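The values are calculated or read from the model by the stated rules, or taken from the named source; none is laboratory data. None of the values given here were measured: they were computed from a predicted structure. Every residue, glycine among them, receives a Cβ derived from its backbone with ideal geometry; neighbour counts consider all protein chains shown. Ligands, DNA and RNA are stripped out before the accessible areas are found, and what is left, the full protein with its side chains, is counted by its heavy atoms. Shrake-Rupley method; radii C 1.70, N 1.55, O 1.52, S 1.80 Å.
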Amino acid sequence: MIVSMSERATTEEIAGVVRRIEGLNCRAHVKRWESRTVIGVLGAPGAGREMEELSRSPGVEAVAPLTQPFPLAGREMNPARTVVEVGGVRFGGEEVVVIAGPCSVESRRQLFETARAVKAAGASMLRGGAYKPRTSPYDFQGLGLEALALLREAGRETGLPVVTEVLATEDVEAVAEHADMLQVGARNMQNFALLRALARTPRPVLLKRGPSATIREWLLAAEYLLAGGNPHVVLCERGIKTFETETRNTLDLAAVARARELSHLPVIVDPSHGTGRRSLVPAASRAAVAVGADGLIIEVHPDPERALSDGPQSLTLDGFAELMWSLSEPPRRVAAPRPAATLEELCELP
Ligand code: PEP
Ligand code: MN
């Protein structure tokens, strides 16, 4: 529900509407648009009679239902795009931001070699997993605290802000102490306890879309973070499960465009997990940029054959530098021969 106040509504009238909304056991989200105030009703406002009373409150011009269930993440109340800043890097601004680094932090040498190379190639942020969500309990689970310390050091040395995944609620504090941005992995997108804990940190959050989550569920997960008090949220499309087996996941680029229509939050793309194949990462990256993505997150490893996780989808250091070059090249030209006649002339033909 969204309450539009009249242009002449006084501060007292606005406060009165807020009190009424709170009296309905809902939260009021007050937003100013140019000379106008709108108030979002967060929660289920109950029966029509109460809403009718609300619409008759002094200063109220109109009460209308919201068409989407995510008032804070959606664009209905927030038509302008949001820029999320992470250590000076701006997501959702003019430029496409590239985050790069290894899937997992494996050693000091591996991390620093990668961090220096991606910085030299033009990356804006460093990624690296310290706590890894692995399908098998026998696979490499990450170096934990040791990796967090290495990430912080590598970030400081290169001047790149760091993003890393937080797997469990009890690790939020330690990860927030070491990293500039906290990643919610795909498998944790609907871990509501984790989302609530992350809503209370001052750190920006990179929210990956769950492998089987709809766009609506993804935006509702973002709503948890915003409603809990953290407005610094960046969405990340990383591929969903379909019947296809030639790619590890199906990179849903239409979802990127749709999420940007529905939400004011920046949306980035992970073509590494989205395809699972090194050979497809450059093409998928260019496609993501073409569809309007605000950034990319790319896995890079100095020796992908020996990587402890996600080697097949990791670019080499040279491969990443080549990708960065290719992103600045203009896309292929679309054949568009100049028409021999105007549409009007063609219509005159027999
Ligand atoms: C990762 O970024 O390495 C990762 C595990 O991603 P996702 O949660 O998208 O699988
Ligand atoms: Mn990975």
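Descriptive notes on the structure:
- Comparing Thr242, Gly276, Val256 along the charge dipole axis of the stretch 237-285, the residue lying farthest to the positive side is Gly276, per the Cβ-charge model.
- Label sites at Thr245 and Leu145, each approximated as a point 7 angstrom past Cα along Cα to Cβ, lie 4.4 nm apart.
- Separation between Cα centres of the stretch 4-33 and the stretch 245-283, rounded to whole Å: 39 Å
- Average 1/r across all pairs of distinct alpha carbons in the chain, invert it, and you get the Kirkwood radius: 22.0 Å.
- Accessible area of the chain divided out per residue, in Å², using a probe of 1.4 angstrom: 49 Å²
- Percent of beta bridges antiparallel (DSSP, the stretch 1-153, rounded to nearest 5): 85 percent
- Based on Cα contacts under 8 Å between residues 6+ apart, the chain shows a relative contact order of 15 percent.
- Rounded percent of accessible protein surface that carbon and sulfur make up, the chain, 1.4 Å probe: 52 percent
- Angle between the chain longest axis and helix 317-328 axis [Cα atoms, degrees, rounded to 10]: 40 degrees
- Net charge over other residues, Cβ less than 12 angstrom from the Cβ of Leu72 (K, R count +1; D, E count -1): +1
- Candidate lysines - alpha carbon under 28 Å from Lys241, same-chain residues fewer than 8 apart omitted: Lys132, Lys208
- For the stretch 194-350: rounded, prolate or oblate by the Cα gyration tensor [a/c cutoff 1.5]: oblate
- For the stretch 223-294, the square roots of the Cα gyration tensor eigenvalues, ordered a ≥ b ≥ c, give a/c of at least 1.5 with a/b greater than b/c, which places it in the prolate category.
- Area accessible to solvent at Cys103, 1.4 Å probe radius, in Å²: 0 Å²
- Prolate/oblate/rounded call for the stretch 1-105, Cα gyration tensor, a/c under 1.5 rounded: prolate
- Degrees between helix 215-227 axis and first principal axis of the chain (Cα, 0 to 90, nearest 10): 70 degrees
- Per residue, the average separation of C-alpha pairs within less than 8 Å and at least 6 apart gives the stretch 212-265 a relative contact order of 32 percent.
- Beta bridges per DSSP with both ends in the chain, % antiparallel, nearest 5: 40 percent
- Candidate residues Ile99, Ile240: accessible-area rank, largest first, probe 1.4 Å: Ile240, Ile99
- Degrees, to the nearest 10: 11-23 long Cα axis against longest axis of the chain: 80 degrees
- Protection proxy ranking of 248-254, 133-139, 178-184, 229-235, by the mean of other Cβ atoms within 10 Å over each peptide's residues and highest first, is 178-184, 229-235, 248-254, 133-139.
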